[in-house]
Amino acid sequence: MRKNFVEELRWRGMLAQMMPGTEELLQKEMVTAYLGTDPTADSLHIGHLCGIMMLRHLQRCGHKPIILVGGATGMIGDPSGKSQERNLLNDETLRHNQECIKAQVAKFLDFEAEGDNAAEMVNNYDWMKDFTFLDFAREVGKHITVNYMMAKDSVQQRLNGTARDGLSFTEFTYQLLQGYDFLYLYQHKGVKLQLGGNDQWGNMTTGTELIRRTLGNEVETFALTCPLITKSDGKKFGKTESGNIWLDPKRTTPYKFYQFWLNVSDDDAERYIKIFTSLEKDVIDQLIDEHRQDPGRRILQRRLAEEVTVMVHSQADLDTAIEASNILFGKSTKEALEKLDEQTFLDVFEGVEHHTIDRNQLGQPAIELFTTAAPVFPSKGEMRKMVQGGGVSLNKEKLTDPQRPVTADDLIDGKYLLAQKGKKNYYLLIVK
């Protein structure tokens, strides 16, 4: 008996709406389904993760997932939920972005699976690039009325002035282009189901309508959406003050990625652990139960952060992220500091007071460096007293003598010194 994909999404809170007959189709046969993603960057961010997880669950329930990279549509822009058009990309950039995205998605989907349900990646640029405007007008445009297209919410919002710039003809045709993708994939790959975020519902149903009007009423195709993920305060999920949380470790370090999940609220952790992990229902129910009994231990957030970091990065990256987290909040060593790459090191101490000192100030006693060169201590007397009490560390090692010279040998990564007074007060000295 095939596992029920719709039921899986339903208990996970990942089902917004679907066309009648979708669940019956999925129970009856192995279904090929696709989800489109935008290749405007060479990395996905966590805003894409719900859709990718839908494909993951689809494949695990015995169906075939196809991820469509919108090379053609990415050149145009989609009006759904956007306030302005996107930048247009050249062919070389699109191909590079596609390869990077495939490498990321391969951590979630099995492209080498035995049997008929191996994942595939396609790019709509491949079938759109030689499609002339006249052919498109004749083969696609004649089947869908302007009245039908105008009724879509995404179009109405742009026309009714919620966006400053109105709606260009290019964007207006977007739903036809996305609809044609569905038609093409139905004809060439046997795709019967399109998955997407709830803001895509209008574009997706245009696809099923185009297929029906082109191929006849007896041809049935379906659409299913997941809700748009928000935070419990209603704000957009996945955005921080410094921007998106990316899957690419060069854009967002695994430490920062891990910290994002670790710091979500209790309410969000209960929702996110269902959406962004593959843990089974009984495991999640037990974790939620344990968490509610003692929220202070943050059991849910820790497990969520661990699961997602391993899935997106690796076990080694998770171990490094946990070790980096312990530098601020637990016992740690100079060796642990030196093991961090520079970006992770800076991420760990992002919120810490920074001071810049000149390289020629090295060689001075610590008491001079930490009072005169950088105001770690307001006075030499206070520093002496704290050193005597064992409350001062340099690079995570106890400072026992305030007169000890601080030299270039003490630098981490050739340019940093980490001073600590008491348990929680850190100061980062950057040597220029």
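Placing one identical point scatterer on every Cα of the stretch 165-271 and ignoring solvent, what is log10 I(q)/I(0) from the Debye formula at q = 0.11 Å⁻¹?
For the stretch 165-271, the Cα-only Debye profile gives -0.57.
With unit charges on the beta carbon (Lys/Arg positive, Asp/Glu negative), name the residue among 330, 301, 291 whose Cα is farthest towards the positive pole of the charge dipole of the stretch 282-334.
With unit charges placed on the Cβ atoms, the residue in question is 330.
Over the Cα atoms of the stretch 339-420, what is the Rg over Rh ratio if Rh follows Kirkwood?
0.95
What FRET efficiency comes out for the pair residue 159/residue 343, r = Cβ-Cβ distance, R0 = 60 Å, nearest 0.05?
0.85
For the chain, what is the per residue volume of the convex hull drawn over the alpha-carbon atoms, in cubic angstrom?
178 Å³
In the structure shown, do any of 152/192; 107/235; 396/423; 102/236; 339/396; 398/423 have a Cα-Cα gap over 19 Å, and if so which?
In this structure, 152/192; 107/235; 102/236 lie more than 19 Å apart at Cα.
For residue 93, what accessible surface area do you get with a 1.4 Å probe? Give it in Å², rounded to 10.
Here the residue's solvent-accessible area equals roughly 50 Å².
Please list, ordered by chain and number, the residues whose modelled amide H lies under 5 Å from the amide H of residue 33; skip anything fewer than 5 residues away on the same chain.
64, 66
Taking 20 °C and 1.002 mPa s as the conditions, I'd like the Stokes-Einstein D for the stretch 279-397 in µm²/s, using the Kirkwood hydrodynamic radius from alpha carbon pairs.
121 µm²/s
Measure nothing fancy, just the Cα-based angle from helix 201-215's long axis to the longest principal axis of the chain, in degrees from 0 to 90, nearest 10.
The answer is roughly 30 degrees.
How large is Rg over Rh for the stretch 220-282, taking Rg from the Cα atoms and Rh as the Kirkwood inverse mean of 1/r across Cα pairs?
So for the stretch 220-282, dividing Rg by the Kirkwood Rh gives 1.04.
Would you mind telling me the antiparallel percentage of the DSSP bridges in the chain, rounded to 5?
Counting DSSP beta bridges with both partners in the chain, the antiparallel share is about 45 percent.
How would the stretch 115-161 be classified by its alpha-carbon gyration tensor: rounded, prolate or oblate, with rounded meaning a/c under 1.5 and the a/b versus b/c comparison settling the rest?
It comes out oblate by the Cα gyration axes.
What is the magnitude of the charge dipole of the stretch 156-253 about its Cα centre, with +1 placed on the Cβ of each Lys and Arg, -1 on the Cβ of each Asp and Glu, and no other charges, expressed in debye to the nearest 20?
Value, rounded to 20: 260 debye.
Go ahead and set up a Gaussian network model of the chain, Cα springs under 10 Å, then flag whichever of 254, 378, 65 fluctuates most.
Top of the fluctuation ranking is 378.
Starting from the eigenvalues of the Cα gyration tensor, five times each then square-rooted, give me the equivalent ellipsoid semi-axes of the stretch 134-218, largest first, whole Å.
Listed largest to smallest, the semi-axes of the stretch 134-218 are 23, 15, 11 Å.
Could you check the spin-label model distance between residue 218 and residue 331? Points 7 Å from the Cα along Cα→Cβ, value in nm.
For the pair residue 218/residue 331, the computed spacing is 7.6 nm.
Excluding the sites themselves, what is the longest stretch of the chain that contains no chymotrypsin sites (Phe, Trp or Tyr not before Pro) in a DSSP loop with at most 16 other C-beta atoms within 10 Å?
Counting at most 16 other Cβ atoms within 10 Å as exposed, the longest clean stretch of the chain is 132-432.
Could you state the angle between the C-alpha long axis of helix 299-312 and the longest principal axis of the C-alpha atoms of the chain, as a value from 0 to 90 degrees rounded to the nearest 10?
Taking the Cα atoms of the chain, the angle to 299-312 is about 70 degrees.
Starting from 0.36 nm per residue, how many nanometres of slack lie between residue 355 and residue 411 once their C-alpha separation is accounted for?
Contour length minus Cα-Cα distance gives 18.7 nm.
Choose one of 373, 40, 166: the residue whose Cα lies farthest towards the positive end of the charge dipole of the chain (beta-carbon charges +1 Lys, Arg; -1 Asp, Glu; about the Cα centre).
373
Please list 37-47, 211-221 highest first by mean number of surrounding beta-carbon atoms within 10 Å per residue.
Sorting 37-47, 211-221 by mean packing, highest first, produces 37-47, 211-221.
Ignoring ligands, DNA and RNA, please state the percent of accessible area on the chain from carbon and sulfur, probe 1.4 Å.
Exposed carbon and sulfur together represent 48 percent of the surface.
Report, in debye and to the nearest 20, how large the dipole of the stretch 276-397 comes out about its Cα centre when Lys and Arg carry +1 and Asp and Glu carry -1 on their Cβ.
680 debye
So, with +1 on the Cβ of K and R and -1 on the Cβ of D and E, and no other charges, what is the size of the charge dipole of the chain about its Cα centre, to the nearest 20 debye?
That gives the chain a dipole magnitude of about 1020 debye.
Pairs of alpha-carbon atoms within less than 8 angstrom and 6+ residues apart define the contacts here; what relative contact order does the chain have, in percent?
14 percent
List the GluC sites (Glu not before Pro) in the stretch 1-66 that DSSP assigns to loop (not H, G, I, E or B) and whose Cβ has at most 16 other Cβ atoms within 10 Å. Which are they?
29
Work out the charge dipole of the stretch 353-418 with +1 on the Cβ of Lys and Arg and -1 on the Cβ of Asp and Glu about the Cα centre, then indicate which of 387, 399, 356 is farthest towards its positive end.
Checked the options; the winner is 387.
The values are calculated or read from the model by the stated rules, or taken from the named source; none is laboratory data. Predicted model, so just to flag it, every value in this text is computed and none were measured. All Cβ positions, glycine included, derive from the backbone under ideal geometry; neighbour counts span all protein chains shown. Just so you know, the surface numbers come from the protein's heavy atoms only, side chains and all, with ligands and any DNA or RNA stripped out. Shrake-Rupley method; radii C 1.70, N 1.55, O 1.52, S 1.80 Å.
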